[in-house]
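What follows is a short report on a single structure.
The values are calculated or read from the model by the stated rules, or taken from the named source; none is laboratory data. All of these numbers come straight from a predicted model, not from anything done at the bench. Note that each Cβ is placed from the backbone with ideal geometry, even for glycine, and that neighbours are counted across all protein chains shown.
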Amino acid sequence: MAFTLTQLDAIETAIASGELLVEYEGKKVQYRSMADLMQARNTVRAELIAAGLLTPPATTTVSYARRER
């Protein structure tokens, strides 16, 4: 299924507000739990990244050197 940025925005808005009902493009989807909603967000994000419509989150690597005394 081809997802849109509008769908991702609607899901993220619902997560931020604690709602399980997501509305976008005249459609309504009721999720059973916040875990289901978050899994949907992860799926939509992954698909949008794979399609080149969304940039993956940046990662930072931190390294610590041990200093001898």
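Computed values, structure above
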{"item": "Output for the stretch 15-28, where each listed residue is of a type in the set (A, V, I, L, M, F, W, C) and either part of a loop (DSSP other than H, G, I, E, B) or out of contact with any helix residue (DSSP H, G or I) (no Cβ under 8 Å at 6 or more places or on another chain) (or both)", "result": "16, 20"}
{"item": "Filter result (closer than 15 Å to residue 6 by Cα, touching a residue at least 12 places away in the same chain (Cβ under 8 Å) and either touching a Lys or Arg at 6+ places or on another chain (Cβ under 6 Å) or loosely packed, with under 10 Cβ neighbours inside 10 Å (or both)) within the stretch 16-59", "result": "25"}
{"item": "Matching option when the condition is assigned to a loop (DSSP other than H, G, I, E, B) and β-branched (Val, Ile, Thr), among 43, 55", "result": "55"}
{"item": "So residue 62, is it at pLDDT below 95 and either surrounded by fewer than 15 Cβ atoms within 10 Å (Cβ to Cβ) or under 16 Å from the mean Cα position of the chain (by Cα) (or both)", "result": "yes"}
